[in-house]
Amino acid sequence: MTISHIVVFSVLFLTSHLVARTSGSPLVETTYVVVGGGTAGLAIATRLSENSANTVIVLEAGSDGFNNPNIGNLSISSIQALPGSSVDWNYTSLPLKFASNQIIAETRGRVLGGSSAVNGALFTRPNEIDLDLWESAFGATGWNWNNISAAIKTAEHFSATAGLTSILSFHGTSGPIFDSQQTPVDNVWEQGVIPAVLAAGGTESIDQNGGDPTGIWYTPRAMFPNSTRSYSANSYYQPNAGRPNLQVMVNATVSRILWGNSKNGKAVATGVEYIDAAGEKLTVSGDRVILSAGVFGTPQVLELSGVGNPQIINPLGISTVVDLPAVGENLSEQPTTIYLAAFASGTTDSGLQFPNNFETPRTLLNSTEWTTAYSLLQTAPPGLSDAAHKALMAMFLNNSVIIEFMSFPSPNPAGLIFLPILLHPMSRGSSHIVSANATAAPSIDLALIQSPFDLYILTKAAQRARRFATQASLAPFLAGELLPGAAITTDAQFSQFVKDSMGVAWHPLGTAAFGSVVDANLRVNGTTNVFVVDGSIIPVQPGSHPSAIIYGIGEKAAAMLKASPLTNDV
């Protein structure tokens, strides 16, 4: 879809769905204060406001973004224009000690819709065991495949694509978020990529969303029938912007939670303080505070509010309200490497088709390599909890998908990319405040490939990507390898290439995880009425892109809170 097409769509759709009351005096008191108008934030706010007895206010640090044509346009050029722009938080990591001291840019959406406004819009589920482990390994009662999958279906409006396989029962068909597969328009994918994966020992999936994503398939994307982005701002919020009990305020950066008198030894929130566009500090009161500020923003707000590790927050002049050292820990990110081959003359770039290939340890590795990987898996790196370590071993032994190979065209230079993504990394980092100033960026230590297991799996994935590209079916479409390059041949050379070419999938998770920071009701430990509803609660990386799961978190959380009277907050 061209820029002109997306502009036309924006004019037709958005002029009739304006942001409600984003200026003027805020409400003095509200039942729910939602910190962050992102993927889960707008989902839960919209659902909670379905009950007219609830008043819901959302505070979003970014703009509304509705006049930004790159948000709606899912072409590769538009997606590439979003990182580093005004709708990005522009987070950067500390130098990667285990990956050639690179500094990684962590794109997160600073705009209404959050990261659902700036991501690649892939809408996938992981293996069933990945979600069942939330309940069995981390004590999150009720958070399992059946319940989370049902919540995702509530969010989803799937449309089957003619000529492509899908199983309708795996999907929801009446939710706010539209998704479907893109129709292939050239031969690179059907005659080149998919046969190459199969010739190399891979498999073909019928539909990756039923609890086993193994194999290659045209993965759905969150998009309307006209192929423009469907995300939380234009699919949850805008159709309901006129509700009198739902207020969204943009350019409002929450600086801290406000506390009242404790109950039964637990902290009680009375509202939040925020900074408006003019730099003025204002407050808003509420009965419940819901943090949906994301994997970096949520621990930042908690620490600024005195909830965290006293050794981190006290030296910054912040008094301890709840001693909770796990806040900001357990940060996990899916690391990537890259394979790039030039297109042969006459091969055309048809846009992002995303026939993504999910492979299990038994497919990726031969028996000797599997044994080596399992041996490396036995040693937990720093920061990995015992529960998380056991969960990762269970995923490996149950053959849960471990590598995703995304295949898509490179615009410059023109070519084909296989992007291996390590889905279940062992390495754990952290995200912590360095200042009591709410506008200061946190210190982000990704600790990528600190675990030798992570490096080993990515090395084998880089080698497998070359095997895909050198299959006979791709020969007519490719003119030669550009990365890693013909000089890279040995295991040691591939491992060094992985370190030097380290990237991320922009899927950071885990900094307010089940068990260590929140309980099964998403309540922050040591508080009565502060909840976390975003990807920071996810304890281990699932074998998929996370956005569908995060919509499911928003849906399930809304149902839980609707059913929980305020008298339960004790």
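The values are calculated or read from the model by the stated rules, or taken from the named source; none is laboratory data. The structure displayed is predicted, hence computed values, not measured ones. We place every Cβ from the backbone using ideal geometry, glycine too, and count neighbours over all the protein chains shown.
Structure data summary
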item: Qualifying positions in the range 133-168 - within 19 Å of Pro220 (Cβ to Cβ), of a type in the set (Val, Ile, Thr) and either crowded, with 19+ Cβ neighbours inside 10 Å or at pLDDT 95 or above (or both); result: Ile148, Ile152, Thr154, Ile167
item: Filter result for Ser319 (over 24 Å from the mean Cα position of the chain (by Cα) and at negative phi); result: yes
item: Positions within the range 490-505 being touching a residue at least 60 places away in the same chain (Cβ under 8 Å) and in contact with a helix residue (DSSP H, G or I) (Cβ under 8 Å, 6 or more places away or on another chain), in sequence order; result: Phe497, Val498, Lys499
item: Candidate set from the range 510-549 (those that are of a type in the set (Ser, Thr, Tyr) and farther than 17 Å from Leu291 by Cβ); member that is farthest from the chain's Cα centre (by Cα); result: Ser544
item: Test: Ile338 is touching a helix residue (DSSP H, G or I) at 6+ places or on another chain (Cβ under 6 Å) and either among the charged types (D, E, K, R) or touching a residue at least 40 places away in the same chain (Cβ under 8 Å) (or both); result: no
item: Looking only at the range 118-157, and only at residues there that are in contact (Cβ under 8 Å) with a residue 60 or more places away in the chain and of a type in the set (S, T, N, Q), the one that is nearest to Ala513 (Cα to Cα); result: Thr141
item: Residues within the range 99-119 that are surrounded by fewer than 19 Cβ atoms within 10 Å (Cβ to Cβ) and either of a type in the set (Asp, Glu) or part of a loop (DSSP other than H, G, I, E, B) (or both), tallied; result: 4
item: Asp130 vs. criteria closer than 26 Å to Leu42 by Cβ, acidic (Asp, Glu) and in a strand (DSSP E or B); result: no
item: Any hit, the range 506-513, residues being without any contact (Cβ under 8 Å) to a residue 60 or more places away in the chain, touching a helix residue (DSSP H, G or I) at 6+ places or on another chain (Cβ under 9 Å) and within 30 Å of Gln378 (Cα to Cα); result: no
item: Selection from the range 158-174 of residues that are without any contact (Cβ under 8 Å) to a residue 60 or more places away in the chain and under 30 Å from Met560 (Cα atoms); result: Ile167, Leu168, Ser169, Phe170, His171, Gly172, Thr173, Ser174
item: Whichever residue in the range 56-77 is among the polar types (S, T, N, Q) and at pLDDT 95 or above and, among such residues, is surrounded by the most Cβ atoms within 10 Å (Cβ to Cβ); result: Asn73
item: From the options Thr368, Thr379, Thr348, Thr372, residue that is assigned to a loop (DSSP other than H, G, I, E, B) and either among the basic types (Lys, Arg) or more than 30 Å from Asn412 (Cβ to Cβ) (or both); result: Thr379
item: Which listed residue is of a type in the set (Gly, Ala, Ser), without any contact (Cβ under 8 Å) to a residue 12 or more places away in the chain and either assigned to a loop (DSSP other than H, G, I, E, B) or farther than 24 Å from Gln208 by Cα (or both), from Ala479, Ala520, Ala557, Ala487; result: Ala487
item: Boolean, Asn366 is touching a Lys or Arg at 6+ places or on another chain (Cβ under 6 Å) and within 24 Å of Thr214 (Cβ to Cβ); result: no
item: Count of residues meeting criterion [of a type in the set (Gly, Ala, Ser) and surrounded by 24 or more Cβ atoms within 10 Å (Cβ to Cβ)] in the range 392-414; result: 2
item: Residues of the range 502-517 satisfying the condition of being assigned to a loop (DSSP other than H, G, I, E, B) and more than 17 Å from Ala269 (Cβ to Cβ); result: Met502, Ala505, Trp506, His507, Pro508, Gly510, Thr511, Ala513, Gly515, Ser516
item: Positions within the range 425-437 being in contact with a Ser or Thr (Cβ under 7 Å, 6 or more places away or on another chain) and buried (at least 20 other Cβ atoms within 10 Å of the Cβ), in sequence order; result: Pro425, Met426, Ser427, Arg428, Ser431, His432
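Quick grid of which residues meet (1) under 29 Å from Ala440 (Cα atoms); (2) touching a strand residue (DSSP E or B) at 6+ places or on another chain (Cβ under 6 Å); (3) outside any loop (DSSP other than H, G, I, E, B):
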| position | (1), (2), (3) |
| --- | --- |
| Pro239 | no, no, yes |
| Arg243 | no, no, no |
| Asn251 | yes, no, no |
| Val254 | yes, yes, yes |
| Leu258 | yes, yes, yes |
| Thr270 | yes, yes, yes |
| Glu273 | yes, yes, yes |
| Gly279 | yes, no, no |
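This table checks each residue for (1) out of contact with any strand residue (DSSP E or B) (no Cβ under 8 Å at 6 or more places or on another chain); (2) modelled with pLDDT of 95 or more; (3) not hydrophobic (A, V, I, L, M, F, W, C); (4) not in a strand (DSSP E or B).
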residue	(1), (2), (3), (4)
Glu303	no, yes, yes, yes
Ile312	no, yes, no, yes
Ser319	yes, yes, yes, yes
Pro325	no, yes, yes, yes
Ala341	no, yes, no, no
